[in-house]
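The values are calculated or read from the model by the stated rules, or taken from the named source; none is laboratory data. In this text, all values refer to a predicted model and were calculated from it rather than measured experimentally. No Cβ is skipped: glycine too gets one built from the backbone with ideal geometry, and neighbour counts run over all protein chains shown.
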Amino acid sequence: MRRAVPVISVLVVTVLAADLMILVQLSGRSSEAVALRRSVVVQPTGPAQPVRGAQDGLVETRPTQAAAPPPVAPLTAIRRPHLFIVANKPLSPAVVAKITKTRGVRSVERADAAEVTLDGKRVQTLGVNPSTFRAYTPKPTAGSDRLWRNVSAGEVAVSFVLGNDGGMPLGKTFTTASRTLRVGAYATMGMGSIDAVVSKPTARALGIPENNALVVSAPQVDSVALRSTLLRILPRGGQIAVINPVLKSPEAPGQAVNPGRTVWPADAFLAAPQIRTVLTAAVSKLGRPYVWGAEGPDSFDCSGLVQWAYAQAGITVPRVTHQQFVSGPQIPFDQAQPGDLLFWRNDPTNPGYVSHVAIYWGDGKMLHAPRTGDVVKIVPVSTRNFAGAVRISPGVAAQVR
């Protein structure tokens, strides 16, 4: 359950740090790749198909009377982020220099980080330099000059899930404790639970601490090992989340890798009474409203409903969709049983990102919390942008952080 926090406070950084550590960490090795190695069947799943008109519908046009936005440097390269560092105070130049010189680190990018309240929602937000930070984002986001000009001009870019499902449409204007903000773009950053990005001057106006976060690109070294090394450099209270990890192969040299199947014992999954409890709990919430970030018992977002329903059966599953996607083996949809989870990649700003989850009800139907303005309901399964089905394994789910 999320704690209530002030709209703007240096103290909220500790909340952000804690939440960021709830990125996908499976037995200390974070990633979809680990889960896929353990899959019953690894389904070939291509990227999501962008929604019609997506390129025109993801970045808001600046008002004609608005002042010209500050210039933004062109994108010259994509730098894949592997670690996200956050502290409860600015990272000193000496600490940043040590991190930069650490073996395997290719580049770093400073950022400001805090959880703030935007349009009544607690949102983990970064303050960035648009000209340089863009290189660390997914390609569709990085390549949009107009998007980063809007951020540079003082607007906020929110994740596609927050904007589309959470009721923050493009062009919407809202007032925070210190200033008025306009939603200038949908742009998923591909960094766990970060759902909003603003420029550094806007971050200053919002009271976000300066330079207390660092994005690290290190494509040639094991991310988990590098995390351990960098933790020894950070000041007390600093935390590091692994994102887009580089992992050592778990197989011994010369050992053949079988990417197709792994035998799972029957007791690795829920017993029939537990599945009935999950389904009974979920169906009891039909008609309850979707609220972005809600975890029940009276309102839910898609992953909050899943977590709550499984909790009624005594099963701990992680909070957000992309974590739930690695909480058990993937299975072919034609083998899905009631209580299994179904996932979609609906985000055109980051086509590989798993952004929606539902509970399979059986007979080609699913139970889910769709989006703002809708309610928990049972509907036919949609195959558009379908990412796959997962059978929850309590032992695996409990290790995802």
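Which is basic (Lys, Arg), out of contact with any His (no Cβ under 6 Å at 6 or more places or on another chain) and surrounded by 17 or more Cβ atoms within 10 Å (Cβ to Cβ), of Lys139, Lys200, Lys172?
One residue alone meets the criteria, Lys200.
Have a look at Val357, Val400, Val381 and point out the one that is under 19 Å from the mean Cα position of the chain (by Cα) and modelled with pLDDT of 95 or more.
Val357
Being surrounded by fewer than 17 Cβ atoms within 10 Å (Cβ to Cβ) and at pLDDT below 90 is the filter here; which residues of the range 55-107 pass it?
Gln55, Asp56, Gly57, Thr61, Pro63, Thr64, Gln65, Ala66, Ala67, Ala68, Pro70, Pro71
Go through (1) farther than 22 Å from Ala187 by Cβ; (2) within 19 Å of the chain's Cα centre (by Cα) for Pro351 and report which single condition fails.
(1)
Among the numbered criteria (1) over 15 Å from the mean Cα position of the chain (by Cα); (2) of a type outside the set (Lys, Arg); (3) at positive phi, which one does Thr176 miss?
Evaluating Thr176 over (1) over 15 Å from the mean Cα position of the chain (by Cα); (2) of a type outside the set (Lys, Arg); (3) at positive phi leaves (3) as the failure.
If we scan the range 134-143, do we find a residue that is within 24 Å of Ala94 (Cα to Cα) and touching a Pro at 6+ places or on another chain (Cβ under 8 Å)?
Yes.
Got a sec? Which strands (runs of 3 or more DSSP E) wholly within the range 298-401 have at least 2 residues that are of a type in the set (Val, Ile, Thr) and surrounded by fewer than 18 Cβ atoms within 10 Å (Cβ to Cβ)?
377-380
Within the range 294-319, how many residues are among the acidic types (Asp, Glu) and in contact with a strand residue (DSSP E or B) (Cβ under 9 Å, 6 or more places away or on another chain)?
2
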